[in-house]
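The values are calculated or read from the model by the stated rules, or taken from the named source; none is laboratory data. Computed from a prediction, not measured in an experiment: that's the story for all the values here. Here Cβ is always computed from backbone atoms with ideal geometry, including for glycine, and neighbour counts include all displayed protein chains. The protein model used for the area step is the full one, side chains on, heavy atoms only, and it has no ligands, DNA or RNA in it. Shrake-Rupley method; radii C 1.70, N 1.55, O 1.52, S 1.80 Å.
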Amino acid sequence: MNANPSIKICILLLGILLFGGCRQPDDAVAVVPSPDNATAAAYEDLPSDVKLTLPDADSGSTLVLRAEGKFDPAVHDFTKPFEFEFKGRTHYRVRITCKPFMKDDWAINPLADITNETDSTLYVAYYAAFFNQEGHVVGVCHQTLDVEPSERPMQLASLVIDGPKERLLTATHFKIVVYESTQPIGTLPISPERAATMVGRSSKVVAKLDEVQPVVTAEGADSVVRFQTKVAFVDQVGKDRNTYLKFESVEPYQFSIDVRKRDLSKSNGEGNVHKQYSGWELDSDFERIKRTKTVWPKGHVVLLDAQGQLIACDSDMFTFVAVPEDAILSATQINFVLYEKKIERK
């Protein structure tokens with residue numbers, strides 16, 4: 001018996017909906033557009049892969065935007081990125097992939113396209129951290145930039161976490177935080193009222209870390225050093241200084257973090273300073289006490305607050321990274337990993 005064509009269409013649509021509820025399409029995974037009137041609460045109706053926490057675009061001079069979710073690097077190569085979108089004052093399109101990089105290394109690339117459709121320059125600091133099933137850091141990346149008004153997106157091309165394929169394939173979830181401001185990141189807090197009640201009124205604080213015994217494991221011919229510890233910030237008194245944690249693997253090291261407000265400047269690209277200001281920054285102070293010729297170490301540092309939210313991360317150990325004052329001073333936890341890559345010297 002031939003069914004009515006309209007009934008056939010209804011049955012087909014129902015089947016598509018049921019199938020889609022069990023499996024996401026391969027070519028557009030977790031695409032999550034965000035409404036303009038986003039609230040500070042995480043959306044309850046988002047797919048389980050991504051959870052967003054977005055403030056209202058008019059809620060303050062500095063905004064904090066958050067995204068976190070599950071990620072399977074074995075699935076999302078160059079042809080099948082893990083893709084989602086969100087919006088603050090600017091629009092963000094994130095495409096996360098895991099693919100071959102250089103030589104024998106692979107890379108996780110949380111590529112972000114940013115479109116500033118406002119009438120003025122906005123300042124953005126983008127931090128991304130990836131974790132394995134045990135909650136240990138796999139790797140981090142970050143980038144800070146000025147975003148000029150444009151209808152065309154600007155791409156954050158420096159967001160790369162490189163390493164052996166086997167290591168990167170252990171990543172199971174990610175946390176991303178974006179600070180967005182009308183002034184350079186670090187010059188304005190997210191909440192001026194909250195910042196006024198915190199330490200750091202003299203622009204100097206000391207980072208106190210709990211002593212911890214790092215865990216050293218093997219990763220093929222290489223070594224991995226991990227630890228998690230608590231951090232607290234206090235006003236600097238006299239010659240009080242940051243806590244230095246000493247540990248040893250193939251080489252001996254010491255580690256601390258330095259958080260402070262300092263005088264900064266921006267050039268116009270031709271060597272001429274066109275803007276001077278004071279801003280809060282984070283520096284991961286990582287020192288090789290006794291260098292060898294057979295190992296190349298690289299560390300990744302993640303700072304989290306008491307709720308486990310990403311505050312900032314650092315990986316190159318050579319530069320300060322900009323963070324709003326009340327955000328960085330709210331950090332209470334550090335998640336650290338050091339990879340010691342074995343190298344051959346001729």
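For Ala221, the test of being more than 24 Å from Gln307 (Cβ to Cβ), surrounded by fewer than 13 Cβ atoms within 10 Å (Cβ to Cβ) and out of contact with any helix residue (DSSP H, G or I) (no Cβ under 7 Å at 6 or more places or on another chain) is passed. Do we have Val225 as of a type outside the set (Asp, Glu), closer than 18 Å to Val295 by Cβ and modelled with pLDDT of 95 or more here? Answer is yes for this residue. Is segment 320-337 home to any residue that is in contact with a Ser or Thr (Cβ under 7 Å, 6 or more places away or on another chain), among the small types (Gly, Ala, Ser), closer than 17 Å to Lys208 by Cα and at pLDDT 95 or above? No, segment 320-337 contains no residue that is in contact with a Ser or Thr (Cβ under 7 Å, 6 or more places away or on another chain), among the small types (Gly, Ala, Ser), closer than 17 Å to Lys208 by Cα and at pLDDT 95 or above. Applying the selection to segment 46-77, what residues are open to solvent by 40 Å² or more (accessible area, probe 1.4 Å) and assigned to a loop (DSSP other than H, G, I, E, B)? Correct list: Pro47, Ser48, Asp56, Asp58, Ser59, Ser61, Asp72, Ala74, Val75, Asp77.
Scanning segment 188-242 for residues that are touching an Asp or Glu at 6+ places or on another chain (Cβ under 7 Å) and more than 20 Å from Asp285 (Cα to Cα) returns Pro189, Ile190, Ser191, Arg194, Ala195, Met198, Val199, Ser202, Asp222, Ser223. Pairing each residue of segment 285-300 that is among the small types (Gly, Ala, Ser) with any residue that is in a strand (DSSP E or B), provided the two are 6+ apart or on different chains, yields C-beta distances under 6 Å for Gly299/Phe286; Gly299/Leu338. Taking segment 78-167 as the region of interest, the strands (runs of 3 or more DSSP E) fully inside it that hold 1 or more residues being under 25 Å from Pro324 (Cα atoms), open to solvent by 10 Å² or more (accessible area, probe 1.4 Å) and of a type in the set (Asp, Glu) are 82-87, 106-115, 137-147. Specify the residue that is most open to solvent (accessible area, probe 1.4 Å); the eligible residues are those in segment 281-338 that are touching a helix residue (DSSP H, G or I) at 6+ places or on another chain (Cβ under 7 Å) and of a type in the set (Asp, Glu). Selected residue: Glu325. Residues considered: Val212, Val259. Of these, the only one that is touching a helix residue (DSSP H, G or I) at 6+ places or on another chain (Cβ under 7 Å), on the phi < 0 side of the Ramachandran plot and surrounded by 13 or more Cβ atoms within 10 Å (Cβ to Cβ) is Val259. Please verify whether Asp258 is outside any loop (DSSP other than H, G, I, E, B), over 15 Å from the mean Cα position of the chain (by Cα) and modelled with pLDDT under 90, treating the condition exactly as stated. No. Filtered by the rule that a residue be β-branched (Val, Ile, Thr) and part of a loop (DSSP other than H, G, I, E, B), segment 293-332 gives Thr294, Thr319, Val323, Thr332. Considering only residues of segment 53-68 that are under 14 Å from the mean Cα position of the chain (by Cα) and not basic (Lys, Arg), which is nearest to Ile185 (Cα to Cα)? The extreme case among them is Val64. Within segment 168-202, the set of residues being outside any loop (DSSP other than H, G, I, E, B), of a type in the set (Gly, Ala, Ser) and surrounded by 20 or more Cβ atoms within 10 Å (Cβ to Cβ) comprises Ala171, Ser181.
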